[in-house]
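The structure appears right after this line, and notes come after that.
The values are calculated or read from the model by the stated rules, or taken from the named source; none is laboratory data. For clarity, every value in this text was computed on a predicted model and none was experimentally measured. Glycine also receives a Cβ, built like all others from the backbone with ideal geometry; neighbour counts cover every protein chain displayed.
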Amino acid sequence: MKEYLKAQNKTNEAILENTYSSDELDRFSKSDYRWANNRTKSFRHLNVKKGEIYQFEFGKNYIPEMSYEHRGLVIGVKQKLLYVLPIFSYDPHKHLDIYHSVDSSNSKSDMFLLKSNEFSFITHDSLLKLNDIRTVSVNRILYQQKGRILPSSDTYKQIEKLVLQKYFPTFYYDFKQNLQVTSSLNKQIKEITEHNNMLEVENEQLKVKLKALQN
């Protein structure tokens, strides 16, 4: 109880000092209420799939971690845990370096631009935060957004590729190298198989000729 009161006093001091804007005060109050209201509830039974978009309660976190209520793209499902990339509004004056597969494909930015005219689930241009994967409980879901980025689509595959590059660069490099080796070996196997087939055909033809000569 002593530590709780200490924390509450510290929070109240910060509020009185105008550390928080009225908007942030409202958002973290909702976050605290949701946590207190939902923390002991049983797991929700939701059939969550990769590529789906949900509204999440990310809770209070340190900058630059994503906090409070935001959309998120599900890129992994492990029982009751979800692996999510946060989505937030794009400000062209603030976010000068962004990645887009057509407009800025050479960018190394951690922000992936989702244009509203390309995706039905957003009403204005938004950013996908590639370098801030969140592991969250299904109970952090507030509701499901319309639309989905299909895992079979080029966009989703590009997102996964960029995430791997940023989080596991050594693994991704080794993976690419192995793919190249595998591709080269497959090509060699194909060439050897075709050559063997030609030899078998020639061998059969020689057998026919030899039999004719013997007769």
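Out of all the residues in the range 153-173, which are among the polar types (S, T, N, Q), within 19 Å of V102 (Cα to Cα) and exposed (fewer than 14 other Cβ atoms within 10 Å of the Cβ)?
Hit for the range 153-173 is S153, nothing else.
Can you find a residue that is among the charged types (D, E, K, R) and under 25 Å from K49 (Cα atoms) anywhere in the range 172-179?
no
I'm trying to understand the selection: among the residues of the range 92-118, which are within 21 Å of F58 (Cα to Cα) and in a loop (DSSP other than H, G, I, E, B)?
D110 - this is the single residue of the range 92-118 that is within 21 Å of F58 (Cα to Cα) and in a loop (DSSP other than H, G, I, E, B).
Please go through the range 65-96 and give me each residue that is free of Cβ contacts under 8 Å to residues at least 12 places away in the same chain and of a type in the set (S, T, N, Q), ordered by number.
Selection gives Q79 alone.
Looking at K49, is it surrounded by fewer than 13 Cβ atoms within 10 Å (Cβ to Cβ), in the same structural domain as I122 (by TED's automatic domain parsing) and touching a strand residue (DSSP E or B) at 6+ places or on another chain (Cβ under 8 Å)?
Considered against the rule, which asks whether it is surrounded by fewer than 13 Cβ atoms within 10 Å (Cβ to Cβ), in the same structural domain as I122 (by TED's automatic domain parsing) and touching a strand residue (DSSP E or B) at 6+ places or on another chain (Cβ under 8 Å), K49 comes out as yes.
If you check S184 against the conditions, is it surrounded by 13 or more Cβ atoms within 10 Å (Cβ to Cβ) and free of Cβ contacts under 8 Å to residues at least 12 places away in the same chain?
Here the answer is no, as S184 does not meet what is asked.
Does S31 meet the test of being of a type in the set (S, T, N, Q), under 30 Å from V163 (Cβ atoms) and outside any loop (DSSP other than H, G, I, E, B)?
yes
Can we say V102 is within 29 Å of W35 (Cα to Cα), among the aliphatic types (A, V, I, L, M) and either surrounded by fewer than 14 Cβ atoms within 10 Å (Cβ to Cβ) or within 17 Å of the chain's Cα centre (by Cα) (or both)?
It is false that V102 is within 29 Å of W35 (Cα to Cα), among the aliphatic types (A, V, I, L, M) and either surrounded by fewer than 14 Cβ atoms within 10 Å (Cβ to Cβ) or within 17 Å of the chain's Cα centre (by Cα) (or both).
Every residue in the range 43-62 that is in a loop (DSSP other than H, G, I, E, B) and either in contact with a helix residue (DSSP H, G or I) (Cβ under 9 Å, 6 or more places away or on another chain) or of a type in the set (K, R) (or both), please.
F43, R44, H45, L46, V48, K49, K50, G51, F58, G59, K60
Scan the range 70-86 residue by residue and report those that are crowded, with 16+ Cβ neighbours inside 10 Å and either under 19 Å from D110 (Cβ atoms) or at pLDDT below 90 (or both).
H70, R71, G72, L73, V74, I75, Y83, V84, L85, P86
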